[in-house]
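Down below is the structure, laid out as structure tokens.
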Amino acid sequence: MQNIKGLVKPTLLITFFSFLGITISFCSQLIIGYYFGATAERDAYFVAITIPTYLSAIFIGSVGIIFLPKIVSILNNKPSESINFLSSIFWMLTLILLSFSVIGILFSSSIIKSVSPGYDVQQNALTSKILMLLMPTCIISVLSNFLSSLYQIQNNFLRPALSSIITSVISLFFIILLSNKIGIFGLAVGYLVGSIISFIFLLPILKTYKLRLYINLNSSEIRSFLRTLFPLFLTGILFRSTSLFERMIASGLPTGSISYLGYTGQILAILATITSSGIAVSFYPMFSKMWSENRMSELIPFFNKIFRVILLISLPIFFFFILFGEILVKIIFERGAFTSSVSIAVSIALAWSMGAFVFQNLGSVVSKVFYVTGKTSVISIIASLEILIYISLGFFLSKYISFIGLSISLSISSMFNILLSLILINKKIFKISFNYLLFDFLKILSISAISFISIYYLYHLMRIENNLYLAFFLIIGMINYFFLGIVFKINEILYLKSKLLILTSKLKMIIYNGRN
């Protein structure tokens with residue numbers, strides 16, 4: 001429990017600022033939905049942003065993940081080599097990403113034709129122009145992630161958390177200022193400017209590490225880093241391409257399909273940021289330290305606890321959005337160009353994607369086990385199989401049930417990833433008690449289902465459609481969930497109960513002393 005306590009402060013800090021950033025980003029989505037709904041313009045932006053996001057994901061999912069445990073190891077064992085190592089990686093990344101960005105700008109039209117074969121000439125031209133504005137963001141995103149890792153090594157989670165808020169605030173400002181004047185281009189300009197200012201905000205950490213203009217590919221540490229990186233980067237080209245293939249398939253579906261899936265993806269990203277991003281970020285350096293110090297007696301229980309905590313947070317949300325998703329989307333989004341038909345389509349896609357929400361939350365922790373232990377080729381193979389399942393199922397199902405088929409495929413492929421990952425961790429890294437994890441999963445699944453299915457039927461039985469009324473039933477559902485967790489003797493809920501009892505006792509004492 002001591003390790004979990006060590007995670008509480010950074011996790012709460014990250015989650016708070018992530019929530020603040022997501023709230024601002026969410027306001028942006030409301031305004032974007034109001035102006036653009038599920039129109040051809042909105043489809044074009046979703047396709048254009050896919051390219052720099054895809055490139056960023058490849059680099060962050062390989063370089064960004066491997067970099068942290070590697071630099072921690074160098075700082076602990078060979079501190080004199082850290083400056084040269086950091087400098088080499090930083091400038092290599094800058095040069096490579098700059099090259100990709102220039103290529104993306106020069107050949108934007110050809111790239112969009114490949115990504116969206118279902119687009120006509122006019123739609124292709126619009127999307128290409130948006131892509132030209134957005135391509136530099138791939139450089140900024142990857143280097144910002146690099147800088148954030150340097151802060152995290154020092155247990156400084158505040159500035160990286162604030163940087164994402166800066167991006168969201170500036171993007172929101174530009175959307176409001178420019179959407180009526182230059183349409184969807186206002187969104188692209190806002191995101192670019194926000195990313196640049198956010199990156200500048202992170203730059204001071206470079207003074208701490210004394211970064212210099214230096215690249216040395218002959219360094220033993222660089223060669224070791226590149227050998228570990230290569231298989232992960234190579235296969236990342238495939239397994240980071242989920243959204244890319246989604247856009248390719250959806251470009252041949254009716255107008256608005258890309259937007260339905262895009263809004264769904266953004267809602268899932270918001271939920272993931274609130275529920276698991278703080279845990280995953282604070283988990284990673286602590287898990288890396290335990291592994292490097294060979295503290296296996298602490299590491300395995302630590303992993304099990306984090307796994308259970310994510311389930312405790314994710315499964316209630318899973319049931320709530322499946323049962324109340326349509327009502328929630330209508331309440332929040334339905335205004336302006338975001339019509340009733342768009343609300344229904346987005347809520348359907350969201351419901352079928354909620355399985356992916358749960359499994360990807362688990363994946364944010366499970367995948368890091370492979371990165372920390374250097375088993376990058378294993379996770380690369382798993383993720384490659386995942387994307388192949390997604391593409392095959394998505395292509396087949398979309399022919400019969402349109403964009404819904406892509407949502408179903410995402411949930412199934414994400415489930416496959418987690419199941420196979422756990423099996424291989426058990427076989428190659430450390431022993432997992434599957435009976436223990438399954439028992440926990442079934443307990444949490446049961447109390448989540450009972451808590452939210454009961455209030456769903458009660459809500460509809462009362463036949464009162466009111467926002468406050470829905471919020472009231474959500475609170476009732478969470479109270480039911482808490483008390484059922486006590487009945488089922490789930491450790492974390494019992495721990496929370498003990499803390500609440502202590503807090504209640506202190507409040508009673510304060511009130512008693514105040515009266516006397």
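The values are calculated or read from the model by the stated rules, or taken from the named source; none is laboratory data. What you see is a predicted model; the values in this text were computed from it and never measured. Here the Cβ is made from the backbone with ideal geometry for all residues, glycine too, and neighbour counts use every protein chain on show. Keep in mind that these areas ignore ligands, DNA and RNA; they rest on the heavy atoms of the full protein, side chains included. Shrake-Rupley method; radii C 1.70, N 1.55, O 1.52, S 1.80 Å.
With Rh defined as the Kirkwood radius, the inverse of the mean 1/r over Cα pairs, the Rg/Rh of the stretch 178-264 is 1.14.
Counting only Cα atoms, the size of the chain along its three principal axes is 69, 58, 51 Å, in decreasing order. The convex hull around the C-alpha trace of the stretch 219-263, projected and averaged over every direction, spans 4.1 square nanometres. Between the amide H of F338 and those of G37, distances stay under 5 Å, these residues lying 5 or more places away or on another chain, with hydrogens modeled in the peptide plane.
Residues M286, M132, M509, sorted by accessible area with the largest first, give M509, M132, M286 [1.4 Å probe; ligands and nucleic acids excluded]. Computed over neighbours whose Cβ is under 12 Å from that of I153, the net charge equals +2, Lys and Arg +1, Asp and Glu -1. Whole-percent P(r), the stretch 62-215, all Cα pairs, 10 Å bins from 0: 10, 32, 31, 19, 8, 1. For the pair F483 and L217 in one chain, pulling the backbone fully straight at 0.36 nm per residue adds 90.0 nm over the alpha carbon distance. Only protein heavy atoms count here; on that basis, with a 1.4 Å probe, T235 has an accessible area of about 40 Å².
Coordinate range of the alpha-carbon atoms in the stretch 304-460 per principal axis, descending: 51, 36, 25 Å.
For I401 and I423, a Förster radius of 30 Å and the Cβ-Cβ distance give a FRET efficiency of 0.50, rounded to the nearest 0.05. Here, the stretch 229-332 has an Rg and a Dmax of 18.5, 55 Å when only alpha carbons are counted. So for the stretch 378-432, what percent of the C-alpha to C-alpha distances run longer than 14 Å? In whole percent, the share of Cα-Cα pairs in the stretch 378-432 beyond 14 Å is 55.
For the stretch 25-144, the alpha-carbon coordinates run over 56, 33, 19 Å along the three principal axes, in decreasing order. Each label point was placed 7 Å from the Cα along the Cα-to-Cβ direction; for S73 and I105 their separation is 3.7 nm. Ordered from largest to smallest accessible area (heavy atoms of protein chains, 1.4 Å probe), the residues M135, M462 come out as M462, M135.
When the P(r) is computed for the stretch 98-163, the part past 14 Å accounts for 64% of the Cα-Cα pairs.
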